[in-house]
Amino acid sequence: MKKELKKVTVKVLRSGSGGGKESHFDSYEVPLDGKSTILNALYYIADNIDPTLGYYGSCRIGKCGAACSIMVNGKNLRSCATLLEGDVELKPLSAFEVIKDLVVDDFRKKTSS
């Protein structure tokens, strides 16, 4: 018999789209298996709950430099290297312009190095 996984709440700051909508939080219930990362949770949300969620995932193993970095409970962290251990609040990096949800425009960072 398959064991029911505990679920955690992932709150994501969603950007307002066109028409003057304000940014707001959406909450999603995600299964917690003890080995999933924040990025895995975002993939789960997009694949199973809300395909409109905007986020970025590249290498999935923490080697690309920080393309998937977001704010996790107020700290800037790589979503691919941060374990999902309980309820979390996710926001885009505050130093950059938001393109959509958790996706930011870090073009200046890439061109200034």
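The values are calculated or read from the model by the stated rules, or taken from the named source; none is laboratory data. This structure is a prediction, so every number in the text was calculated from the model and none was measured. A quick note on method: Cβ atoms are made from the backbone with ideal geometry, for glycine too, and the neighbour counts reach across all protein chains shown.
Could we say that Lys75 is more than 14 Å from Tyr43 (Cα to Cα), at pLDDT 95 or above and within 10 Å of the chain's Cα centre (by Cα) here?
No, not satisfied.
Inside segment 21-43, can you point out the residues that are assigned to a loop (DSSP other than H, G, I, E, B) and more than 20 Å from Arg78 (Cα to Cα)?
Matches in segment 21-43: Lys21, Glu22, Ser23.
Any residue in segment 48-55 that is in a helix (DSSP H, G or I) and at pLDDT 95 or above?
So far as segment 48-55 goes, yes, one or more of its residues are in a helix (DSSP H, G or I) and at pLDDT 95 or above.
Could you grab me the full set of residues in segment 1-31 that are surrounded by 14 or more Cβ atoms within 10 Å (Cβ to Cβ) and modelled with pLDDT of 95 or more?
Residues satisfying the conditions are Val8, Val10, Lys11, Val12, Leu13, Arg14, Asp26, Tyr28, Val30, Pro31.
Cβ-Cβ below 8 Å, separation at least six or inter-chain, first residue in segment 29-57 and over 16 Å from Lys7 (Cβ atoms) and among the acidic types (Asp, Glu), second in a strand (DSSP E or B) and modelled with pLDDT of 95 or more: which pairs?
none
For segment 86-94, check the following and say yes or no: at least one residue is modelled with pLDDT under 95, β-branched (Val, Ile, Thr) and either within 15 Å of Arg14 (Cα to Cα) or touching a strand residue (DSSP E or B) at 6+ places or on another chain (Cβ under 7 Å) (or both).
Taking every residue of segment 86-94 in turn, none turns out to be modelled with pLDDT under 95, β-branched (Val, Ile, Thr) and either within 15 Å of Arg14 (Cα to Cα) or touching a strand residue (DSSP E or B) at 6+ places or on another chain (Cβ under 7 Å) (or both).
Considering only segment 95-113, how many residues are among the acidic types (Asp, Glu), crowded, with 17+ Cβ neighbours inside 10 Å and at pLDDT 90 or above?
Within segment 95-113, residues that are among the acidic types (Asp, Glu), crowded, with 17+ Cβ neighbours inside 10 Å and at pLDDT 90 or above number 1.
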